[in-house]
Amino acid sequence: MSVGARLTELGIELPAVAAPVAAYVPAVVHGGLVYTSGQLPFADGALPATGKVGAGVSADDAKAYARTCALNALAAAADAAGGLEKIAGVLRLGGFVASDPSFTGQPGVINGASEVLGEIFGDAGKHARAAVGVPVLPLDSPVEVEVTFILA
């Protein structure tokens with residue numbers, strides 16, 4: 001099944017590629033891979049929440065934001081690669097969670113990104129990963145995700 005058909009089956013519509021908030025491009029193609037820049041959970045051009053997970057932002061909400069980040073990353077990768085069907089799978093995912101010092105559930109938050117990529121790509125969506133707690137992210141976003149995709 002094509003990636004586009006799988007997205008339709010899942011009822012997922014990819015967002016427009018988020019505009020960079022600084023001096024970078026959303027994704028770069030190199031050597032059979034697409035590297036995305038860190039993607040924030042922009043929806044309709046705005047962050048759905050700001051703040052720290054574990055202090056004002058719930059882990060469940062942050063997990064949903066990580067899912068949005070992954071879909072934003074897929075949109076950026078498809079745009080850079082010349083189309084969604086050029087994306088064959090996922091190699092690595094890096095997830096960053098703006099965390100209250102007492103919050104230790106970063107892996108569960110970043111599962112929001114990993115799970116949606118698994119739903120979309122099946123076995124080709126299995127990937128290496130890091131889930132890191134940080135004190136602050138750009139624009140006070142609670143979550144940021146970067147993904148390395150494999151080209152078809």
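The values are calculated or read from the model by the stated rules, or taken from the named source; none is laboratory data. Note that this is a predicted model, so its numbers are computed, not measured. Cβ placement follows ideal geometry from the backbone for every residue including glycine, while neighbour counts extend to all protein chains displayed. Only protein heavy atoms, including side chains, enter the accessible area calculation; ligands, DNA and RNA are left aside. Shrake-Rupley method; radii C 1.70, N 1.55, O 1.52, S 1.80 Å.
Tabulated values for the structure
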| item | result |
| --- | --- |
| Residue in segment 21-28 that is at pLDDT below 95, aliphatic (A, V, I, L, M) and in contact with a Leu (Cβ under 7 Å, 6 or more places away or on another chain) present | yes |
| Subset of segment 117-144 (residues that are acidic (Asp, Glu) and open to solvent by 50 Å² or more (accessible area, probe 1.4 Å)) | Glu119, Asp123, Asp140 |
| Subset of segment 130-152 (residues that are out of contact with any helix residue (DSSP H, G or I) (no Cβ under 6 Å at 6 or more places or on another chain) and within 14 Å of Phe96 (Cβ to Cβ)) | Ala130, Val132, Val134, Pro135, Val136, Leu137, Pro138, Leu139, Asp140, Ser141, Glu144, Glu146 |
| Which numbered condition Ser102 misses (of (1) of a type in the set (Ser, Thr, Tyr); (2) surrounded by fewer than 16 Cβ atoms within 10 Å (Cβ to Cβ); (3) in contact with a His (Cβ under 8 Å, 6 or more places away or on another chain)) | (3) |
| Residues within segment 9-54 that are in a loop (DSSP other than H, G, I, E, B), of a type in the set (Ser, Thr, Tyr) and surrounded by 11 or more Cβ atoms within 10 Å (Cβ to Cβ), tallied | 2 |
| Residue among Val34, Val53, Val57 that alone is at pLDDT 95 or above, farther than 23 Å from Phe121 by Cα and either touching a strand residue (DSSP E or B) at 6+ places or on another chain (Cβ under 7 Å) or not aliphatic (A, V, I, L, M) (or both) | Val53 |
| Residues (among the hydroxyl-bearing types (Ser, Thr, Tyr) and over 19 Å from Val90 (Cα atoms)) located in segment 28-64 | Thr50, Ser58 |
| Answer from Leu71, Leu47, Leu14 - the residue that is within 11 Å of the chain's Cα centre (by Cα) and hydrophobic (A, V, I, L, M, F, W, C) | Leu71 |
| Residue pairs meeting the criteria (Cβ under 8 Å; at least 6 apart or on separate chains; first more than 17 Å from Leu40 (Cα to Cα), in segment 1-21; second in a loop (DSSP other than H, G, I, E, B) and open to solvent by 60 Å² or more (accessible area, probe 1.4 Å)) | Leu7/Glu13; Glu9/Met1 |
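Listed here are the residues, each with its yes/no results for (1) open to solvent by less than 10 Å² (accessible area, probe 1.4 Å); (2) on the phi > 0 side of the Ramachandran plot; (3) outside any helix (DSSP H, G or I); (4) touching a residue at least 12 places away in the same chain (Cβ under 8 Å).
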{"position": "Asp60", "(1), (2), (3), (4)": "no, no, no, no"}
{"position": "Tyr65", "(1), (2), (3), (4)": "no, no, no, yes"}
{"position": "Ala77", "(1), (2), (3), (4)": "yes, no, no, yes"}
{"position": "Leu91", "(1), (2), (3), (4)": "no, no, yes, yes"}
{"position": "Ala98", "(1), (2), (3), (4)": "yes, no, yes, yes"}
{"position": "Val109", "(1), (2), (3), (4)": "yes, no, no, yes"}
{"position": "Glu115", "(1), (2), (3), (4)": "no, no, no, yes"}
{"position": "Glu146", "(1), (2), (3), (4)": "no, no, yes, yes"}
